[in-house]
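Below is one structure; the comments refer to it alone.
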Amino acid sequence: MNVSLQPLGVTEDESIEVSSPHLSIGRSDMCDLQLHHGMVSRRHAELIVRNDEVLIRDLESSNGTFVNGDPVADVRRLRDGDVLSFAVVPYEIHIEGGIRDRVRREFLEGRFDPMRQEPRSEQADRRKTQPM
């Protein structure tokens with residue numbers, strides 16, 4: 001799965017590739033993504049990439065973490081195209097190869113059964129191996 005953050009607004013910075021399972025965000029020099037803005041906390045938030053999902057966790061920041069304008073109370077799952085705001089600093093998240101991409105691909109290939117929510121090829125394999 002490929003995950004990146006694209007800065008929005010006045011900055012023209014390039015997108016940030018997320019290459020580890022955890023990306024710390026804040027003003028501190030110890031953070032992976034340093035945001036030099038007075039409203040951003042030293043340790044503001046954490047981006048978590050695991051299995052087929054991407055999560056954002058607010059680290060009890062002073063001015064909040066938001067997804068599409070909604071405050072993040074603790075942890076929230078992210079979708080491709082969501083806009084994250086760390087206090088007032090916005091980024092758009094891009095997620096490729098996650099579960100939505102897998103399901104879309106399987107649906108287009110005719111292998112997705114929405115009643116079972118798994119590819120038909122895996123269902124058939126399971127039926128073949130189960131004793132009758």
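Quick check: with the 1.4 Å probe, what order do 5, 108 take by accessible area, largest first? All intermediate terms of the calculation are to be shown ahead of the outcome.
Values: 5 0, 108 140 Å².
Order by accessible area, largest first: 108, 5.
I'd like the distance between the alpha-carbon centres of segment 23-70 and segment 73-93, rounded to an integer number of Å.
9
For 47, 59, what's the largest-to-smallest order of accessible area, 1.4 Å probe?
Reading off the accessible areas and sorting them downward yields 59, 47.
Any idea what log10 I(q)/I(0) is at q = 0.17, 0.19 Å⁻¹ for segment 16-103, Debye with uniform C-alpha scatterers and no solvent?
For the requested q values the scattering log ratios are -0.64, -0.80.
The values are calculated or read from the model by the stated rules, or taken from the named source; none is laboratory data. Worth saying up front: this structure is predicted, and the values here are computed from it rather than measured. Note: areas computed on protein heavy atoms with side chains; ligands, DNA, RNA excluded. Shrake-Rupley method; radii C 1.70, N 1.55, O 1.52, S 1.80 Å.
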